[in-house]
């Protein structure tokens with residue numbers, strides 16, 4: 001048996017030969033000998049798209065396998081370049097994989113090596129033809145919304161899927177699209193209704209495209225585009241791109257709570273819910289910015305109308321229509337401004353009768369619930385009217401309207417209480433006298449006078465208290481004093 005024991009040296013005049021110490025049985029017998037480096041064996045090369053798998057048979061020095069192999073790739077014109085990736089450098093096995101191989105015809109050569117100094121003869125070429133198909137859009141791993149997907153392959157191919165194909169011409173390209181791990185796109189009805197893959201032919205050429213608007217996707221989620229190219233020699237190349245699409249805008253968020261409208265508070269707090277986790281808010285037409293629920297606006301907010309908006313943003317960058325909340329900040333206190341009396345149609349001038357009325361005016365509409373607890377102002381509310389002969393005044397029981405003094409004697413002859421109603425008319429409250437059971441309680445007055453009204457703790461709808469509560473409000477007399485009732 002022959003084996004390499006130790007030492008290598010060049011033998012003059014011998015190409016690709018090793019000078020070796022050889023041993024035979026018994027081990028004590030050692031002598032010098034020479035062995036020629038072998039020729040590499042022809043490799044087998046197969047291509048899958050731009051990836052080439054190369055394999056070859058092992059060769060030996062004597063009966064000892066060489067330590068490795070170098071691979072060289074030659075183009076159709078005979079220009080060499082070292083193999084790359086898994087086939088780069090010295091390969092110690094009998095196979096390797098090179099990725100990213102350019103399109104075209106290639107010849108792989110295997111050269112045996114022993115150690116760092118000895119090289120055998122090149123093998124005959126093992127040829128392979130690389131034909132590839134690529135996907136330009138959509139890009140694998142990317143997330144697309146309506147706008148980003150619609151950009152597609154550019155202005156001339158907006159909304160299209162597209163890619164490239166190469167090989168021995170003509171190259172035929174077919175594609176399929178799958179929703180997640182479920183059904184495939186059916187070109188026949190343009191829906192994802194097929195249980196098996198439907199390859200849709202796109203014709204020949206170095207560039208391919210598939211019109212596929214975002215509205216074709218039935219729901220948000222993962223999709224896989226697979227492209228298959230077959231060149232004129234029958235070589236098949238395929239590739240795929242798995243991407244995520246959000247083809248619809250997310251639902252509009254729901255604003256659940258906000259400030260009272262109107263309010264005298266110069267800060268605001270909102271709570272809202274959304275079907276997606278990312279939301280953006282805007283106050284008074286400001287740029288939308290990321291926010292969460294609850295959102296507090298510290299203020300101080302200026303007096304006037306304000307608008308809060310919140311919209312949802314999904315992972316594809318789609319935005320929902322905004323939910324909007326509008327309210328008014330009012331920090332101005334209302335004032336009581338006037339009191340007037342009116343005689344009912346057909347009534348006796350100067351005599352308090354059923355149907356006569358008092359009108360109490362404010363600088364702005366007041367909150368009906370602050371006038372009579374629980375009243376919403378939509379319809380008249382019942383009150384009691386207590387007339388006092390001593391003060392010549394009437395007070396409105398069960399309300400915050402206070403007391404009206406008539407400003408002259410003679411109207412009230414003795415104390416009495418009658419029913420009545422209060423109704424709203426803009427910024428006025430109208431008190432209408434009900435049935436007078438004892439007409440003798442009232443006298444007839446013919447001389448004019450000035451009424452005064454002392455209002456109670458009325459508030460406006462924003463919650464501002466009456467600025468002149470408890471203060472006399474004198475009757476205004478446009479054109480001179482009048483006779484009440």
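When the chain is fully extended, how far beyond the present Cα-Cα distance does residue 447 get from residue 140, taking 0.36 nm per residue of separation?
101.0 nm
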**Prompt:** Stretch residue 236-residue 191 to full length: gain in nm at 0.36 nm per residue minus the Cα-Cα span?
**Reply:** 13.5 nm
**Request:** Please report the orientation-averaged projected area of segment 211-261, defined via the convex hull of its C-alpha atoms, in nm².
**Result:** 6.0 nm²
**Along principal axes, Cα extents of segment 350-428, largest first, whole Å** = 35, 22, 20
**Prompt:** In what sequence, highest mean first, do 219-229, 292-302, 321-331 appear when ranked by Cβ atoms within 10 angstrom?
**Reply:** 219-229, 321-331, 292-302
**Prompt:** Per residue and in Å³, how big is the convex hull formed by the alpha-carbon atoms of segment 133-245?
**Reply:** 93 Å³
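Considering every pair of different Cα atoms, what Kirkwood radius, in Å, is found for segment 399-485? Walk me through the numbers on the way to the answer.
Working: mean 1/r = 0.0667 Å⁻¹.
Result for segment 399-485 stands at 15.0 Å.
Would you mind telling me the antiparallel percentage of the DSSP bridges in segment 133-245, rounded to 5?
95 percent
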**Request:** With both partners inside the chain, how many of the DSSP beta bridges are antiparallel, as a percent to the nearest 5?
**Result:** 95 percent
**Message:** Taking a virtual spin label 7 Å from the Cα of residue 275 along the C-beta vector, which residues in segment 285-329 bring their backbone nitrogen under 18 Å of it?
**Reply:** 310-324
**Request:** Specify, per residue and in Å³, the volume enclosed by the convex hull of the alpha carbon atoms belonging to segment 232-334.
**Result:** 111 Å³
**Message:** Can you compute the radius of gyration and Dmax for the chain, using only the Cα atoms, both in Å?
**Reply:** 48.7, 157
**Asked** Hey, what number do you get for the chain at 222 nm if only DSSP H runs of n ≥ 4 count, each worth -39500 (n - 2.57), divided across all residues, to the nearest 500?
**Response** -500 deg cm²/dmol
**Request:** Would you calculate the volume per residue, in Å³, of the smallest convex hull containing every Cα atom of segment 106-172?
**Result:** 155 Å³
**Where only alpha carbons of segment 317-463 are counted, the Rg and the Dmax (Å)** = 19.0, 80
**Request:** Kindly give the semi-axes, whole Å and largest first, of the ellipsoid equivalent to segment 299-347, taking each as the square root of 5 times a Cα gyration tensor eigenvalue.
**Result:** 49, 18, 4
**Request:** May I ask you to compute the full-extension gain from residue 467 to residue 403, defined as 0.36 nm times their residue separation minus their alpha-carbon distance, rounded to one decimal in nm?
**Result:** 21.4 nm
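No lab work stands behind these numbers, since they all come straight from the coordinates. Just so we're clear, the structure is a prediction, and the values are computed from it rather than from any experiment. FYI the Cβ positions are ideal-geometry reconstructions off the backbone, even for glycines, and counts take in every protein chain you see.
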